Every structure is written in structure tokens, then in C-alpha cells.
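One structure below.
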Amino acid sequence: MKHTSMRKAILFLLATMMMAGCAEQQNFDNVALDAPAQMTRTENFNDLMTQARWGDGNAYLKLADYYINGQNGTKPDFMATISMLSMAEEFGAIGRPSDYISNLPENDNTRMAFEAMKSINNRQGEKGMQLADLMIEKGCADGHALKGYALMEMGDTIEAMRLATLAAEQGSSLGWALQYVIPYAQMSDMPDESIMLPIAEAAPIFYRFMAEEYYKQLAEHPENDVKVARCYLKADENGCLDRRGANWLLSYKERGNELPLSETDILRLLKLAGYERIDTTTDEYVEFENELWEEPTDSATIEEAIKAVEAATRAVEAAKAKEDNDEE
């Protein structure tokens, strides 16, 4: 089963946690989990998030820096950093997030956390735990979570859960997510939504993974389209919607389904999806782009814009199909 989008979303993080199969199942039914405390974000942060939700890769990069350094109403947050760097890559601000992190100072907690996670995923648990211990010495709560993750991979889920809980109590969103992952480490299928949603609360980019997993089930469970839409909307709300998600939401709405989107929201989704759905070298696209950003006067303008996207997409697909046939 391929999980490319999941790995891309959180870079070695929740993907491998959810699909890990080496830990012995334990009973944690009575564990009480408290969500990590939220901080009051500054106006500057909110302005950047607004820009990011319009597909501004540089805004995502600045948000990642905020999470690295704990600035503008954020706390240092490894998972949020990875999420924002992934989105910065999606919208062209950086190459690989791993390269960006590798250029951070050697003693930077984000770099150390990334290297620890990579070591653990490469079955080098001892090296990962050494890096986690260095983070703990510096007072970084994520160090406890990473050490717990390493122990989970080694099969010690009891101690892993203790460390994850300790990390969560100290404000680590990674520790918060791990508390839900550890009891289900052996599962190869998608866990129940009640397990997935708390993880997505800690790492909103995980909503995208959930949407894509529900999408894969649509052939057998067409009613899941509502869940796909809900998860993509939550990803969008948190600045974690990629081009594919925007594309799907537009198509879902075009099929007559209701979505809580304003006209401005639809234009924003068109911008996010347009560069993937339309060949930017075609005359149809140039004409569409020139007209797209005029302020809409009524809902008919929105419908025309969506139809223009669909028409251009069909034209590109037809041209590609003809090209393939000619080659054959």
C-alpha cells in the first residue's frame, strides 16, 4: 500500500508511526489524554497564515521559522515546523524540507529532532535516542517524545507511552500525537476516526492524509465523499491544503454538493488548484488567468470560473491523449 502523500505531508513522522509493526500491542484504554495548550497568535502570524492559504510558499516558510524559534505567538513545535516546510515545498518556496533543516545550526532542536526521527526510521534507534537525550538536556519536550518513539520501535510500548505522556504534559504536540499512535502501532489498516482526529488536531496536515485514505475507499464506500470533503476543509482551515485537495473540493462542489465556502474561498481554491489542473502555456490558461482575479459580482461569475477551469483541463487532457495515441 503506497503512502507517498503521507510521507510527504509529515516527513518521516506520523507515516512511519502509523504503519510501524514491530511493537507489541498493549492495553491503554484508561489513559487520560489532555490536548496541548494553545497560545494566542499575533496579528502578524494570522496575516501570514492568510497569505499562505492563498498559496504563498514564502509565507509558509516564514511560518515554519516562527515554529522553529517560537515567535509571534507560537511555541517551538517540531510537527508544525515540518508541516509548514512541507507546504512551502508544495508551493515552490524551497526544494526539499530536509535540505532546509540540514542548514540549521547543528544544535538547533528542530534539526536534532529531524535527525533523531530519521535515525529511528532507519532502524538506528540508539543514535536517535542519543539525540533525543541531548534535546532533553536542553529542556526540549520533543526529546521525551522522540525517545518514546524510539522505544516504541524497539517494542517497549509501556515506557514509550510514559515518555509520550510526559512530553505532552510539557506542551509537545508530538508527544500528544504519539499517545494515540502507540496503542495502534501494529495496525496496517486505517484506524477509527476517533483515533485519527486527535492526531490531526496536533498536526493539521494529517487531515490531508485522512482525506486521501477516505478517497481510496470511495469505490466501495461512496458515502465517504462527505468525510473526504470534511477533512480537506479542515486542512484548508489550518493552512495545510495542497493543490490536489483544492482540486477535489472544487470538483465536489461542481457536482452539486454543498460546501461552506464564500465566493472568495472559491477563488482562493481556484488559485490553489489552477496551476496543477491547467497547462499554463496554453492560450486558454492565459485568458483565464487574466480574468480570474477580477472581483466577482455574483455567483454566476464563480460558476463561470469553475467551468473555465474544467474546459481548460479537458482541452489539455485531450491534447495529451492525442499525443499518446500518435506515439503509439
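The values are calculated or read from the model by the stated rules, or taken from the named source; none is laboratory data. Remember, it's a predicted structure, so these values are computed and weren't measured experimentally. Methodologically, a virtual Cβ is constructed for each residue, glycine included, from the backbone with ideal geometry; neighbour enumeration extends over all protein chains shown. Ligands, DNA and RNA are excluded from the accessible area calculation, which covers all protein heavy atoms including side chains. Shrake-Rupley method; radii C 1.70, N 1.55, O 1.52, S 1.80 Å.
Of note:
- Residue, most open to solvent (accessible area, probe 1.4 Å), within the stretch 93-120, restricted to residues that are farther than 22 Å from L272 by Cβ and of a type in the set (D, E, K, R): E106
- Options R162, R208; residue that is at pLDDT 85 or above and under 20 Å from L259 (Cβ atoms): R208
- Just one of the numbered conditions (1) modelled with pLDDT of 90 or more; (2) exposed (fewer than 13 other Cβ atoms within 10 Å of the Cβ); (3) part of a helix (DSSP H, G or I) is not true of Y252: (2).
- Once the stretch 181-193 is narrowed to residues that are under 16 Å from F209 (Cβ atoms) and open to solvent by 40 Å² or more (accessible area, probe 1.4 Å), the residue that is modelled with the highest pLDDT is E193.
- Sole exception among (1) modelled with pLDDT of 90 or more; (2) open to solvent by 60 Å² or more (accessible area, probe 1.4 Å) for M39, by number: (1)
- Number of the exception - E90 against (1) open to solvent by 30 Å² or more (accessible area, probe 1.4 Å); (2) modelled with pLDDT of 50 or more; (3) not small (G, A, S): (1)
- Pairing each residue of the stretch 45-68 that is on the phi > 0 side of the Ramachandran plot with any residue that is open to solvent by less than 60 Å² (accessible area, probe 1.4 Å) and outside any helix (DSSP H, G or I), provided the two are 6+ apart or on different chains, yields C-beta distances under 7 Å for G55/F91.
- The set of residues from the stretch 49-66 being open to solvent by 10 Å² or more (accessible area, probe 1.4 Å) and over 15 Å from the mean Cα position of the chain (by Cα) comprises T50, Q51, W54, D56, N58, K62, D65, Y66.
- If you filter the stretch 209-225 down to residues that are in contact (Cβ under 8 Å) with a residue 24 or more places away in the chain and open to solvent by 10 Å² or more (accessible area, probe 1.4 Å), you find that the one that is nearest to T81 (Cα to Cα) is F209.
- Counted residues, the stretch 113-130 - those being without any contact (Cβ under 8 Å) to a residue 24 or more places away in the chain and among the hydrophobic types (A, V, I, L, M, F, W, C): 1
- Among the residues examined, G128 qualifies as at pLDDT 90 or above and either more than 30 Å from D242 (Cα to Cα) or open to solvent by 60 Å² or more (accessible area, probe 1.4 Å) (or both).
- L241 falls short on exactly one of the conditions (1) open to solvent by 40 Å² or more (accessible area, probe 1.4 Å); (2) part of a loop (DSSP other than H, G, I, E, B), and that condition is (1).
- Contacts under 8 angstrom Cβ, first residue in the stretch 162-178 being open to solvent by 10 Å² or more (accessible area, probe 1.4 Å), partner among the charged types (D, E, K, R) and part of a loop (DSSP other than H, G, I, E, B), 6 or more apart: A168/D34; E169/D34; G171/K75
- T74 satisfies every condition listed in (1) in contact (Cβ under 8 Å) with a residue 12 or more places away in the chain; (2) assigned to a helix (DSSP H, G or I) except (2).
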